[in-house]
1. Do we find a residue being assigned to a strand (DSSP E or B) and more than 13 Å from the chain's Cα centre (by Cα) anywhere in the stretch A:61-76?
2. Test residue A:46 against the criterion of being within 14 Å of another protein chain (Cβ to nearest Cβ), exposed (fewer than 13 other Cβ atoms within 10 Å of the Cβ) and touching a strand residue (DSSP E or B) at 6+ places or on another chain (Cβ under 9 Å), and give yes or no.
3. Mind counting the residues in the stretch A:23-43 that are closer than 30 Å to residue B:7 by Cα and in a loop (DSSP other than H, G, I, E, B)?
4. If you check residue A:20 against the conditions, is it more than 22 Å from residue B:1 (Cβ to Cβ), away from chain B (no Cβ under 14 Å) and either in a strand (DSSP E or B) or at pLDDT 90 or above (or both)?
5. I'd like to verify a number: residues in the stretch A:49-60 that are within 14 Å of chain B (Cβ to nearest Cβ) and either part of a loop (DSSP other than H, G, I, E, B) or touching a helix residue (DSSP H, G or I) at 6+ places or on another chain (Cβ under 9 Å) (or both), how many?
6. Just to be sure before I move on: is residue A:34 within 14 Å of another protein chain (Cβ to nearest Cβ), in contact (Cβ under 8 Å) with a residue 24 or more places away in the chain and surrounded by 15 or more Cβ atoms within 10 Å (Cβ to Cβ) in the structure I sent?
7. Just checking, which of B:78, B:107 is surrounded by fewer than 20 Cβ atoms within 10 Å (Cβ to Cβ), within 14 Å of chain A (Cβ to nearest Cβ) and modelled with pLDDT of 95 or more?
8. Go through the stretch B:29-53 and report how many residues are farther than 23 Å from residue A:111 by Cα, over 11 Å from the mean Cα position of the chain (by Cα) and surrounded by 13 or more Cβ atoms within 10 Å (Cβ to Cβ).
């Protein structure tokens, strides 16, 4: 099956620093990638939709200058949390949609971000 | 936009019993309905899905039913086992837009 790799799995950083999270589709080309945020015992909240070679589409209430998304290739999308603060601490999950197979998403393992 | 509601939020069943989780959606144009299982701290895993041109789909102990008229779909797990304990999410999708339910925490009691 399709594999999506997400790194790092856990990151601890100081307040004010920036953190980059990578999402890679290992064995397929992902025309679209999604970034979600998940709070404990809650559902997946879509942050943005990332299309290769174009600007990401952010959901309402998500600061695009705070959460920078780059989808530079068909196999890689990155989420950079800029000037992280404790309230940004969360579980971030990416998913990739396989080109040609509409609808089906494959999830990364998630990144637990802890901002001190 | 689409609104997906999921019930119940928590569910406990005895091992061997069946579990049913229900979701409703609002946009009749949605045409793809996946179910994901997420164990604590892990990625959501697709366990079964159904498209709008099908009313029911079964894969061993797991089945999904879809009622397009009523705009609801359900996950059925039979002969539950402790390893079925997890959080289950439904979703409704049209194109590359996904809308997730709020999740159901299933506990299977040995």
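The values are calculated or read from the model by the stated rules, or taken from the named source; none is laboratory data. Keep in mind the model is a prediction, meaning the values are calculated, not measured. Positions of Cβ are backbone-derived with ideal geometry, glycine not excepted, and every protein chain shown enters the neighbour counts.
1. Yes, there is a match, as at least one residue in the stretch A:61-76 is assigned to a strand (DSSP E or B) and more than 13 Å from the chain's Cα centre (by Cα).
2. No: the conditions fail for residue A:46.
3. 5
4. In short, yes.
5. Number of matching residues: 5.
6. It is true that residue A:34 is within 14 Å of another protein chain (Cβ to nearest Cβ), in contact (Cβ under 8 Å) with a residue 24 or more places away in the chain and surrounded by 15 or more Cβ atoms within 10 Å (Cβ to Cβ).
7. Selected residue: B:107, the only one of B:78, B:107 that is surrounded by fewer than 20 Cβ atoms within 10 Å (Cβ to Cβ), within 14 Å of chain A (Cβ to nearest Cβ) and modelled with pLDDT of 95 or more.
8. Here the count works out to 5.
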